[in-house]
Each structure stands twice: as structure tokens, then as C-alpha cells.
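> One structure is given below, represented as C-alpha cells, and several questions about it will come after.
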Amino acid sequence: MTTEQTHMDEGKTPYFSTFQLIHLALISTLVVVTKIALRLPLQLPGHSGIFWMAIVIIGSGIVPKRGAASLIGLTSGILAGFLGLGDFGVLNTFVSYAAIGIFTDLALMLLGDPSNIIVAMIAAPIGHLAKFLVKWAFGVLTGAPLGFVTTGLALSAVGYLVWGALGGLLGALTLQALKKAGFFAYLAEKK
């Protein structure tokens, strides 16, 4: 490497600042802690999505860059897999969490600002439904009887969409409250 190349590399700024990466790591940890701590005995498919989709939407608003939700999903997937969460093993857990982040990110790229209630209530269910589809695909791939896998499929998908939308609503309302409280002005000073 020549000295000219070294100086050019030093001038590049990273896509995510260290401050933003710390926020994303903390938010990813919060997703996993929420999954562990907030177990509601509702027996409704996808009900935990109200909590973690809200957190993913909030994280996407706090670090408003493409890829923020994907990074939250990937990091929380690694943490959840390491802690042994999930019902179909480590690979399913990692892919499920990653899919949530990636598909939420894709939806936000198309739709825009996660603090907009309508945008959040569309993006969050898309991310949450991706988790459902990963679980369904793993069930089919592992040889679960197809009748068993498809029984209640429509009801489960609707549950994931509804709980995801409620999580998106909660996330957007939280972002709006943070904006009113001056949190984003505070963040701008700390960068």
C-alpha cells in the first residue's frame, strides 16, 4: 500500500458512526431482553411483535440510515441464537431475527420516515410477517407434515400482521414523543 492510498483510506468516513453503532447494539440487546422478559400468556400467534417491532421501528428512527433495521435484526439474531432463544434452533432464530430487520429496512426504504404512523404501521408488519414466513419455511424444510404446517396458516399470518402493525404504531408514537422531548436535538449535539 502506498502512502497516497493510506491517506485516502484515512479520509473515508464510516457509514455508521461509533455512536450510532453503540445505539444499534443497545437496541438489538433490548429486542432480545424484551423477548425474554415480556412473555405474555396470550397464546396468540405473533403477539410478541407488538414489543420488538416497536423497538425495531424506534431504532430505525434513532439511527435514520438505510441498513439500521437490518443491523438491529442481525445483531439481535446473533444474541438470541447465542442465548438459545427460539423454538426451532439457532439457525432458525438467527434467520428469523435477521429477516425482521432486513424486510423492515426494505419497507422503510420504499416508504420513508418511521416516525410517520402510517409508514410504521406498514413497515413493521412486513418485517414481522418475514419472521413468520421464515418459521413456516423452516417447518416445511425440516419435514413437518404439510397439513400441520398449513393448519391455521391464514390465522397466524393475520396475527403476525396485526401485532406487527400495533408494534409499528407504538414505535411511531414513541419516536414522535422523543422528538417532542428534544431527544433528537440532544443526539445531534452528541455526534
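> From 46, 81, which residue is assigned to a helix (DSSP H, G or I), within 20 Å of residue 103 (Cα to Cα) and in contact with a Phe, Trp or Tyr (Cβ under 8 Å, 6 or more places away or on another chain)? Break it down stepwise before answering.
On the way: 46 fails: assigned to a helix (DSSP H, G or I).
Going through 46, 81 in turn, just one is assigned to a helix (DSSP H, G or I), within 20 Å of residue 103 (Cα to Cα) and in contact with a Phe, Trp or Tyr (Cβ under 8 Å, 6 or more places away or on another chain): 81.
> Return the only residue of 88, 103, 138, 132 being out of contact with any Phe, Trp or Tyr (no Cβ under 9 Å at 6 or more places or on another chain) and either within 27 Å of residue 36 (Cα to Cα) or in contact (Cβ under 8 Å) with a residue 60 or more places away in the chain (or both). Working first, answer last.
On the way: 88 fails: out of contact with any Phe, Trp or Tyr (no Cβ under 9 Å at 6 or more places or on another chain); 138 fails: out of contact with any Phe, Trp or Tyr (no Cβ under 9 Å at 6 or more places or on another chain); 132 fails: out of contact with any Phe, Trp or Tyr (no Cβ under 9 Å at 6 or more places or on another chain).
It is 103.
> A follow-up question, please. Please go through the stretch 153-183 and give me each residue that is surrounded by fewer than 16 Cβ atoms within 10 Å (Cβ to Cβ) and of a type in the set (Phe, Trp, Tyr), ordered by number.
Once the filter is applied, which keeps residues that are surrounded by fewer than 16 Cβ atoms within 10 Å (Cβ to Cβ) and of a type in the set (Phe, Trp, Tyr), the stretch 153-183 yields only 183.
> Still on this structure, I have one more. Can you confirm whether residue 90 is at pLDDT 95 or above and either surrounded by fewer than 17 Cβ atoms within 10 Å (Cβ to Cβ) or touching a Ser or Thr at 6+ places or on another chain (Cβ under 8 Å) (or both)?
Working: at pLDDT 95 or above: no; either surrounded by fewer than 17 Cβ atoms within 10 Å (Cβ to Cβ) or touching a Ser or Thr at 6+ places or on another chain (Cβ under 8 Å) (or both): yes.
No: the conditions fail for residue 90.
> Let me confirm something: among 38, 26, 30, which residue is within 19 Å of the chain's Cα centre (by Cα), at pLDDT below 90 and not charged (D, E, K, R)?
Working: 26 fails: at pLDDT below 90; 30 fails: at pLDDT below 90.
Among 38, 26, 30, only 38 is within 19 Å of the chain's Cα centre (by Cα), at pLDDT below 90 and not charged (D, E, K, R).
> Being of a type outside the set (A, V, I, L, M) and over 21 Å from residue 45 (Cβ atoms) is the filter here, so list the residues in the stretch 62-92 that pass it.
Applying the first criterion (of a type outside the set (A, V, I, L, M)) to the stretch 62-92 yields 64-67, 70, 73, 75-77, 81-82, 84, 86-89, 92.
64, 65, 66, 67, 70, 75, 81, 82, 84 - these are the residues of the stretch 62-92 that are of a type outside the set (A, V, I, L, M) and over 21 Å from residue 45 (Cβ atoms).
The values are calculated or read from the model by the stated rules, or taken from the named source; none is laboratory data. Note that the structure is predicted; figures quoted are calculated from it, not measured. Cβ sites come from the backbone with ideal geometry, for glycine too, and all protein chains shown count toward neighbours.
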